[in-house]
Each structure stands twice: as C-alpha cells, then as structure tokens.
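To start, the structure under review is shown below, and the notes come after it.
What follows is calculated from the coordinates using simple rules that are stated; it is not laboratory data. The structure displayed is predicted, hence computed values, not measured ones. Cβ sites come from the backbone with ideal geometry, for glycine too, and all protein chains shown count toward neighbours.
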Amino acid sequence: MAGLTFADVRFWYPATERPALDGVSLAVAPGDVVAVIGSVGAGASTLLLVAARLAPRVTGGTLEGVVEAVPAGIVLPTPWTQSSGMAFTVADEVAFGPANLGVTRDEIARRVDRWMARLEVAHLAGRDPATLSGGELQRVILAGVLAMERDLLLLDEPTAELDPAGAALVWRLIRDLARTEQKSVLVATSDLDAVPDFATHVVWLDKGRVRAAGAPAAVLTADAIWTSGPGSTTVAGLWRRAGLAAPAPLTVADLLARVR
Amino acid sequence: MSGRHPFTLLAFAAALPALAWTLPAPWGAAGTFAVALLLCLTPGSRPGLGILRTAILTAAPFWLFLFLLHDRATALAIALRLSTMIASFVWLVAILPPARLVEALVAAGYSVHVAFLFAATLSAVPVMRARAQRIVDAQRCRGLATRGGPLTRLRALRALALPLVLSALHEVDERALALETRGLSAGARRTALAPPPDSTAERVVRWTLVAACVAGVVGRVLWRV
Amino acid sequence: MTAALRCDGVSFSYGATAALAGISFALEPGERVALLGRNGAGKSTLVRLITGLLHPAAGTVWVGDWETRGRGPDALARRVASVFQHADQQLFASTIRADVEFGPRALGLPPAECARRAAAALQALELEPLAHEHPYDVPPPWRKVAALAGALALEPQLLVLDEPTAGLDRTLRALVTRALAQRSAAGVAVLVVTHDLAFAAETLDRALVLAAGRLVCDAPLGALLIDEARLGSLGLVPPAVATVSRALALPSAPLREADVARALASVARSPRPV
Amino acid sequence: MSIRLLALIPVAVAINLALSAAVDAVNLPLFLDTTGTILATALAGPVVGVATGALTSLTNSFRNPTYLPFVAVQVLVALYAWFAARAGLFRNLKVAIPAGLGLGILAAAASTPISYKIFGCSTSGGVTLMTLLGRKLGMSDIVACAFSAFVSDFGDKAVTFGLVATVLHALPKRTAARFPLALRSIGAA
C-alpha cells in the first residue's frame, strides 16, 4: 500500500483566489524518497501540509481531490517554531511526540536514545533546547519527529540550518530510512546538488501543477528546468553553460567520469 | 524539601500567605513570615542563604513604603503579610523547577493542555524578549532614532512594537502545525516522563494545610462578626 | 581615497570573555569580502561593532572618515546598511514598498527621494511585482529578499549582510548576487557573513577568517576555497565549482560559474591528453 | 479549544512581557503589558483573552510576586477588550484611543481596592509617592490610592489600544481571514 497517494488534488488557502495546488497527482511508496522541487511559491510546502492532513484542518482553506496517507511525521523549515515549548531538556524534547502518543516510558527511553544517537545529538541530551544553535535544534526536532516512528515522513527543507557535515548526515539518514526501514519519504528542498544523492524520484512543481516527475537523471537534465524552473545541480549548470551535449552530468563524479 | 512532590510545595507556598492574611495581626503574620524564611533556608536549587537574601531584598522596599504611608501598627501588619507572600513565592520559584511541576500535572491526569500552557509560556518569554531586543537593534541600524520629542518616540515605538507582534502572530500557525503533528491533541493520555514520587504522608500534609487555611478564614469571619 | 571600512586593532569583550582581540583590516570601496568562521568565532560581534550597536573596548572602527565611537547605529545608517539573521522579523509596514521606504524616511530624506530609492532597490531585486503585497502574505524567502531591499534603499557606502542567502533557492541567490555585483560596481563595499560557499564563490572576491576572536586569514577567496584543510577547520567543504576547478586542473582556478563553464568547454572539447 | 488558539496564548503572554524592551528603547513611561491580552481577545475572544491575562500575572509574579493579586485587573482588561472588539472600537485610532482611556480609568479603579487592601497602596516607590502627594492635596486614604493608581498608569491603556488597532489593521490577509472576530473589531466584518 502506498504511503501517500494524491489524485487530482487542488487546495486554496483562506482568502486567496489562486489555488496553491492545482490538480496534483502523485504516489510515494515505502522505500521511495521523492524530492519535490520548484521555484519559491510553487506549492512544495503546501503539498507536504496537505499530505500531513494539516491543511485544511489546521491551516484553513478548501481542498478538492483524493488524498490517501498513512499517519505522517512532518518537519517544517523553521526549527525555532517547532520546539514543543514543554521540554526543558533536549531529551524531553525528543520524547515529546512519543509521550503524547501514550507510548510506555521504557519504550520512550529506548526511542529517545536511538534517535538522538542517529542524529548525533546525544551529547546535547541535558541541554535546554532554547540554548541550541539553529543547526543543533533542527537535528533535535528531526529526532523528535522520527521518534514517533511514523511510516510516512514529510520533510520541508530539513537541512536549511545545517552545516555541510550536518546536511550530509541527514541526507544519508533519509536514504537509509527508506531503504532499510521501508519508510515513504517526501522531501521539499532547494538544495538541488544533494537531490541526485538521496532521491529515488523527483517531482517538479510549478504554480501548483506537476511539470515533470521521474528519476532525478530524467527530470534534472531537462532544459526547461533552467528556463522556467528552479534550475538543476551546479555541475549540470556548468555543463549547460559550457554548451556541451545533453544530457548533462548531475554530480562532480559524473562530470569527471565524462570528461576524463 | 526539594525532593517533595510539587503539589506539596505549592500547598505550602499558598497556605502561608493565606494564613498570614487570616490569622490575627501582627502575631499570626509574624509566625507565617518566620516559617516562610525558614523554608527559604532549606537547600533549593541555589544555596538557602541566597534564597533568603533574595526574599529579604525583595520584601525590604515595602517595609519602607508602608512605614511612610501608615501608622506603626497598620504598617507592621501589612508588611508582615506581604513579606510572607514574597518569601513563600521566592522560595517556591527557587525550589520547584518548572519541569517537575509539568510532570506532576501530567501524572495527576490533568489535560496536557494545562501543562502546555504553563510550560510554553515560561519558554516563550525569553525567546520573545531576545527577539524584541534584536528588532530594536535592527530598526536602529535602518536609521530609526529612538530619541527626540514624545511624538517621534511614539512613532518609533510603533516601528519597534509592530514587527514583534506581527512576527509572533505569524509564527502561531507554524507552532500549531508542529504541536498538532507531534500529537499534542492526540487524545491518548500523555505518558508522564518522570512522575515525581508522592506519598500518603504528603497528601495528609497537603490536606491539613488546606484545612488550616479554611479554619483561618472561618475563624476570621466568625471572630470578626 | 579613504577605505570604506577600516578596523585598527579592534578588541571587544563581553564581561570577562574576550570576543575579539586586535582585529585590523580595511575594505576599499567596491570590494566584496566574505567573513568566515565557526559559530562563536566573533563574526556577529564584529558586525555589531561595524554597525555601531557596540563600540570597541580598544582600537577604532572607521566607516569612511567617520569613527564609530560616539555615533549610534541610526547615525551610522547613513553610511552602513546591514541585514541581520531573521531580518524578516523586522518588517511591519502593510506593503513591501512601504517597508523598503522605512529606512530612507527614517533618515529624514524628502518623500520623492525615498520613493526613488525604494523603487531602485525593489527593481534591483526584482521585487516590483510583489511591492504592493503585505510582507507576511508572500513566501518567507521573498520576505528575506524584501529585508535586503530595505538595506539597499539606504544607498550606503558599506553593506554588511549576515547570512543573506539562508533559506533562498538558486534563483533568488542569483538575484542577490546580481544586486550585490551591481552595487559593488557602483563603489559600495560589501561584507558578507556566510556559510554558503557556493554563493561566496559566485559573488565575493576576498575572505577574512575569524577564529576565537582573531583574524587568522585575509586572502583571495579563490585560494581559500581550494584549501580543504583550512575549510575543514571551519566545518566547511569546498563548493562544487572549486572541486570541479581543481579536479580538472583548470588554468588559474576560476571561481565564477561563467569562467568555470568556459574553461570546462575548452577542456571537454580538446582531445583527451594521451 | 483548538491547538491554534492554545498556541496563541503563550505567544500573547510573551508579547505582554517582551514589549518592555521596545518601551525601554524609546524611554517612555509606558508598560504595554496588556497588549497581548487585548490582542488575543480581539483575535480569538474572551476565553483566550482571560487565559492570557491570568498567565501574564502568574508569569510576572515569578519575577515580582506582587503582580499575583492583580490577576483580577488582567481579567477585567480581557473582558473590556472583548466588548470593545464586538463593538468594532478598533476601527480607527480616533475611536480606539478614547476606548483605551476608558479602560485606563476602569483598570485604575479596579486595582485600587487590591492595592489598598493587600498592599496598603505600597506597590512601588512611584505609587507610594503619588499616594503621599494625594494625601497632601487633601484626599482621603482610599482616594489618594486611586489617584496614585491612575497617575502611574496614565495613558498606558490608551497607547495599548492604539497599538492593537494598528496591529489589527496591519494583519496580513491570510491571518485576518483566520480570525473572524478581528475583522469585526476593525469594523470590516
């Protein structure tokens, strides 16, 4: 059963005429890591909110079309608005979600240790979340959402506040979760250079419509993605600007293989 | 004392001022003030003497103001009652970490929303204060002068207060999304992470304190009548 | 010609902890400089000293021929425009254009001049289509660009930006690059605190590196971006353009995407060396 | 109560306590410590407003225990703000500022018995001086106490109402649409 299915979904925010989503259909199966890319305002964040059943229920607005989704964990791009406000230590912050679900105390302790370790924030366990840097807090919030152990993961710019090492850790973790734990993962990101490394599929959204969907190599090498989309990876951009034959390589490794 | 159940600590911190106002002045209030100061000496999060010093320093100005305003007897009665309230509160804040009260509320079965409101408020205040100062700095770097006549300063106040309120309101939706998705309204009874130990002895103490307050009130009403 | 910014032996400490010690450098008009360093190295303290929010315990900060000591940030705003992190939280007018005009109006400039400056800033960042929108009715990345437009509208000699590209996508980052290049060509000095080395490579020329409150490196950006050891010590990795440049041993290690692409074209087309 | 309204309360309390930084920067004799309470009421009604007011008093009393008995005044502010919102008194400054003055008088009157009975009118140095001055001008104890309450709080609620009206008018479309009472309070519903 797919973790998430959209069938011709349209969604309007309150008091706005133009739909944020205008007939979107897609499916995310266990094991998939689908990267949603698009220019700012294309609707990627809205897509995740609808998939998490937060829109229209919490955001207000009107929804049309069919949305089938297993219970989801969602992480929004601004960590400082995601902290529970009820936890005075990092460990309690990670435990917040599972505790609300009524999970037993022993199981909560196991999950907290497991996910703090996987996000490498165990050394911050006793710290007050308010004293963390943006990057540290983002990893703590991610650990807190993952600790709810949902089958569908919705991540909006999960590496926005992270340094390169932190970002690499998160992209690797996302790929492993899909592959080894059969999670269905939907990631909205503007870090296009990372997409070929972690994504199994790419969906390009433009003004609330799906312009293209498929494997990263297919979607990210289309010329139109430069002319009317968010662009592609840095290497693909260099190759295109150099006027070299399509399809462009996506990563540095691809480029070196092609040129050497 | 700091190991006692949070509700017991609350009971003491509420009973002492209540008794101070209901027992006949000034001896009743002198007694409750003495007890409150003794409590301050019990080792809390900071050494007892530190708490005692804070309690006395916070209460001291009122003694001065009251003796300026009233005759000796009235001033003494009010000062002792006020000092009991101040000392009890300063002791409670020093000895009861908010996290333990949150756990006690959750363990006692109160809706997690009650615990959320209390804890989220405490953690939101320093964040918002830091943001307010950051906005003051940022607006001054955009040329905003904060000195000048009252009218210019009122206009400047608008450029400092409005961004804080608008940005805070904007984030309420994102906070609600985060809390919703992390199960704050999940309906399942929330698991207390570290329920503070309670005992029948403490429950007895709590109920006697409540009874003492009621007796104090009834006594004052009857005695006054 | 006086430097746009000069720090002579600047030191500052919060209570007992020394945040900056003996910082000396100068920025000439039009220069584009990256300010790098780990969290806590002193970057934001230096920014606060330059904008006049703080004043040095020792040494002097010059903005053109103005010493910052004795001048508040609102006075220095005539010469230094700054954008801090979470800059979008300082917006408050009911339209983006009105908010961009706030700076010039606060400086007491005549309304016509305020409107002209705001229009120029909005045009430089392609914000004209959103100018009538409420800042909180546009997506967050555009709100951050609007905060930058507010700084451009002050038309300063020196721009000090703290992580201007955080949260922006490739298109908006290119917009910021073009706007800063335009201002730099007009003689404005630009100092950018950033971890975004792809943006730095595309936009800036020189790098100042702070570590534990000291200036440990002042070098051309190109040299620094291929120095993996030093970047590693800052928790940074070379951007893709630098990796490609070095991997293909492109002559004179170009940084800008256009130059790397040109060099790549010649390398890729020439027959593979035997 | 929906999670959205629940999440509004701590933010509104934090606004009450954080605006002192803005007031200190312009060095005006104002508190603005009911802005969040009035705004929350105008946006989401009396229950949210009263909760905000009560929590403000509780949080303030951690720093200074003498705030606690004045929780009644914060509740009164919330109820007054609710009537003002329903009557659309935030539609412009010309209506909002006098409505704020009205609340200022009411709040001073309501805080007088609390200040007098519990504190003997000694809540702060300023209040004590004003009371002594009042007595010098021939006022009785209780009237002098009311005088001190009014003077020390003079104009604060008027400026607060003006600020809340400005905020309500400056709300972005999407937020305004989510708070129907807000639209009504500025006469736009």
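Structure notes:
- Of the peptides B:207-214, B:100-107, D:116-123, A:4-11, the order by per-residue mean of other Cβ atoms within 10 Å, starting with the highest, comes out as D:116-123, B:100-107, A:4-11, B:207-214.
- Only aspartates and glutamates eight or more places from residue D:117 in sequence, or on another chain, were considered; those with a Cα closer than 17 Å are B:71, D:141.
- In terms of the mean number of neighbouring beta-carbon atoms within 10 Å, the peptides A:21-31, A:50-60 order highest first as A:50-60, A:21-31.
- Percent of C-alpha pairs per 10 Å bin, chain A, short to long: 7, 29, 33, 22, 8, 1, 0
- Expressed as a fraction of 2.2 N^0.38 Å, the value expected for a compact globular protein of N residues, the C-alpha radius of gyration of chain D is 1.03.
- The label point for residue C:58 and the one for residue D:136, both projected 7 Å from the Cα toward the Cβ, are 5.2 nm apart.
- Sorting D:84-90, D:109-115, C:23-29 by average packing, meaning the other beta carbons within 10 Å per residue, from highest down gives D:84-90, D:109-115, C:23-29.
- Counting, for every residue in A:98-107, the Cβ atoms of other protein chains within 10 Å of its Cβ and taking the mean gives 5.
- Mean partner shielding of peptide D:171-183, defined as the number of other chain Cβ atoms within 10 Å of each residue Cβ, is 5.
- Exposure proxy ranking, count of Cβ atoms within 10 Å, fewest first, for D:77, D:47: D:47, D:77
- Cα gyration tensor, chain C - rounded (a/c under 1.5), prolate or oblate: oblate
- To the nearest ten degrees, helix D:141-152 and the longest principal axis of the Cα atoms of chain D are 50 degrees apart.
- Three-way shape call for the stretch A:1-132 based on the alpha-carbon gyration tensor, with the a/c threshold at 1.5: prolate
- Share of Cα-Cα pairs in the protein assembly as shown lying beyond 56 Å, as whole percent: 16 percent
- Estimated FRET transfer efficiency when R0 is 22 angstrom, pair residue A:197-residue C:182 (beta carbons, to 0.05): 0.05
- Computed E for residue C:214/residue B:194 - FRET, C-beta separation, R0 51 angstrom, nearest 0.05: 0.70
- You can think of it this way: the chain between residue B:152 and residue B:223 has 19.7 nm of extra reach, that is 0.36 nm per residue less the Cα-Cα gap.
- Between the amide H of residue A:211 and those of A:204, A:205, A:206, distances stay under 5 Å, these residues lying 5 or more places away or on another chain, with hydrogens modeled in the peptide plane.
- Cα shape, the stretch C:165-209, gyration tensor, a/c 1.5 rule: oblate
- Percentage of interatomic Cα-Cα distances in the stretch D:87-129 larger than 11 Å: 69 percent
- Alpha carbon centroid spacing (whole Å) that separates the stretch A:146-222 from the stretch A:77-98: 23 Å
- Efficiency of FRET between residue C:126 and residue A:15 - r from beta-carbon atoms, R0 25 angstrom, step 0.05: 0.45
- Magnitude of the charge dipole, the stretch B:112-225, Cβ model with Lys/Arg +1 and Asp/Glu -1, debye to 20: 580 debye
- Take each residue in D:114-122, count the other chain C-beta atoms within 10 Å of its C-beta, and the mean is 5.
- For the pair the stretch C:220-274 and the stretch B:177-225, the centres of their Cα atoms are 67 angstrom apart.
- Ranking of B:190, C:183 by count of other Cβ atoms within 10 Å, fewest first: C:183, B:190
- The stretch B:93-109 and the stretch C:101-149 have Cα centres lying 48 Å from one another.
- Among residues other than residue A:197 with Cβ under 12 Å from its Cβ, the summed charge is -1 (Lys and Arg +1, Asp and Glu -1).
- Counted charge near residue A:24, where neighbours are those whose Cβ lies closer than 10 Å (Asp, Glu -1; Lys, Arg +1): 0
- Modelled label positions at residue B:207 and residue B:71, each set 7 Å beyond Cα in the direction of Cβ, lie 4.5 nm from each other.
- The residues neighbouring residue A:175, those whose beta-carbon lies less than 12 Å from its own, together hold a net charge of -1 under the Lys/Arg +1, Asp/Glu -1 convention.
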